[in-house]
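Participant: Have a look at this one before I ask anything.
A short reminder: the numbers here are calculations on the coordinates, not readings from a lab. Everything numeric in this text was worked out from a predicted model, so none of it was measured. In this analysis, Cβ positions are derived from the backbone assuming ideal geometry, glycine residues included, and neighbour counts consider all displayed protein chains.
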Amino acid sequence: MRWYWIDRFIEFESGRYAKAIKNISLAEEYLHDHFPGYPVMPASLVIEGLAQTGGLLVCEHGGFREKVVLAKVPKVVFYCEAVPGDTLTYTAALDYIRDDGAMVTATSHKGSKLHAEMEIVFAHLNNGSHQGKTLFEPKDYLSMMRMLRAYEVGHGPDGSPLQPPPGLDS
Amino acid sequence: MPTQEEVFEKVRGALVEALGVDEEEVTPQATLVGDLGAESIDFLDILFRLQKAFNIKIPDKELLPQDILTNPEYVVDGRVTDAGIAELRKRMPFANLDSFAANPNVQDLANLLTVADMCRFVESKLATAG
């Protein structure tokens, strides 16, 4: 299983906001346990998708130099269910960024209907190592961004096309 | 420049949002860790909210000067030396460190911070910015 809880970026403005979509399909195995005969997208996985949308926004802003991890969800509210056949649109806006972390507000919509809203606190790990191994490499984030087609839709604050950080694109 | 009352109300608002406590629990004497249940990650959340509420910059490690707390010149066997306490008093004029100085276990410093300390911290930042 690959831990991707968004399918594609549809908008991405570096340092400001990003929008991604998550298509919910009966082909996803977890739906058959949640719940048997009544498949509903688990709230925890919506939270993860919103965090991935916001987390990559934060990562990209730092040139993929920081190890960005989901640290705290101060507030999350769900207003309705998301079920197979729905396409969720996740929007993450960067509220604040510091050297030690960032704060993002995010929403999930089913069409025009608000499905969920959330505050997210990300932390930048000091060196990102565990048992002598680095948790993430910058190229890992870059690979995700490419798979999610961020560079096809993304742009910088000045409107120029979003580019991978220099030296990383090889 | 906001009044002390206005500063307290905004600090209280930030703590209520970050820690999920009721307004009534946020008294000036309440400690963030002991009374309000703050954990280390909550301090990051609190600082974000204070920066936004007051439009101030709070550089990393300014609230709790890690460079002192991790310096072997100032911390020996988990306890802050007299020189370290003197440095902390200079860097943290907003906090009352007398009780900490009586038993200066480095791990206890964060536990002593009160709501009133946070208000004085914000006031000092506002005074510098203004």
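Participant: Between A:Ser143 and B:Ala83, take the C-beta separation as r, use R0 = 51 Å, and let me know the FRET efficiency to the nearest 0.05.
Facilitator: Working: r = 49 Å, r/R0 = 0.96.
Using R0 = 51 Å, I get an efficiency of 0.55.
Participant: If you don't mind, another one. Roughly what % of Cα-Cα distances in chain A sit above 19 Å, to the whole percent?
Facilitator: Values: 8071 of 14365 pairs.
Percentage above 19 Å: 56.
Participant: Treating the Cα atoms of chain B as identical point scatterers in vacuum, please give the log10 of the normalised Debye intensity I(q)/I(0) at q = 0.17 Å⁻¹, two decimals.
Facilitator: Treating every Cα as an identical point scatterer, log10 I(q)/I(0) equals -0.89.
Participant: Report the per residue volume, in Å³, of the convex hull enclosing the C-alpha atoms of the stretch B:64-112.
Facilitator: Once divided by residue count, the hull of the stretch B:64-112 is 64 Å³.
Participant: With only Lys, Arg, Asp and Glu charged, each at its Cβ (+1 for the first two, -1 for the last two), find how big the charge dipole of chain A is about the Cα centre; round to the nearest 20 debye. Numbers along the way, then the final one.
Facilitator: Numbers: 16 positive and 21 negative charges, 16 e Å.
With only Lys, Arg, Asp and Glu charged at Cβ, the dipole is about 80 debye.
Participant: Can you give the angle from 0 to 90° between the axis of helix A:138-147 and the longest principal axis of chain A, with both taken from C-alpha atoms, to the nearest 10?
Facilitator: Relative to chain A, helix A:138-147 is tipped by roughly 50 degrees.
Participant: Evaluate the charge dipole of chain B about its Cα centre and quote only its size in Debye, nearest 20, assuming +1 on the Cβ of each Lys and Arg and -1 on the Cβ of each Asp and Glu.
Facilitator: It works out to roughly 520 debye.
Participant: Where in chain B are the DSSP H helices whose alpha-carbon span along the long axis reaches 18 Å or more and whose Kyte-Doolittle mean is at least -0.5? Please report the intermediate quantities before stating the final value.
Facilitator: On the way: long enough: B:4-19 (22 Å, 0.02); B:40-54 (22 Å, 0.73); B:115-129 (21 Å, 0.53).
For chain B, where a helix must reach 18 Å along its axis and average at least -0.5, the hits are B:4-19, B:40-54, B:115-129.
Participant: Using Cα springs under 10 Å in a Gaussian network model of chain A, which residue among A:Gly55, A:Gly15, A:Gly37 shows the largest mean-square fluctuation?
Facilitator: Result: A:Gly37 has the largest fluctuation of those listed.
Participant: Sorting A:His109, A:His115 on the 10 Å Cβ count, fewest up front, what's the list?
Facilitator: A:His109, A:His115
Participant: Could you check which residue among A:His155, A:His34, A:His61 shows the biggest mean-square fluctuation in a GNM of chain A with a 10 Å Cα cutoff?
Facilitator: Highest fluctuation of the listed residues: A:His34.
Participant: Could you put A:Met145, A:Met118 in order, starting from the residue whose Cβ has the fewest other Cβ atoms within 10 Å?
Facilitator: A:Met145, A:Met118
Participant: Continuing with the same structure: Per residue of the stretch A:47-58, in order, report the coupling 6.51 cos²θ - 1.76 cosθ + 1.60 (Karplus, θ = phi - 60°) as ³J(HN,Hα) in whole Hz, putting x for Gly and Pro.
Facilitator: Per-residue couplings from phi come out as 4, 5, x, 5, 5, 5, 4, x, x, 6, 4, 5 Hz.
Participant: In 10 Å bins starting at 0, how do the alpha-carbon pair distances of the protein assembly as shown split up by percent?
Facilitator: Going from the shortest bin to the longest, the percentages are 6, 23, 28, 23, 15, 5, 0.
Participant: Looking only at A:Lys72, A:Lys110, A:Lys22, which one moves most when chain A is put into a Gaussian network model with springs between Cα atoms under 10 Å?
Facilitator: A:Lys72
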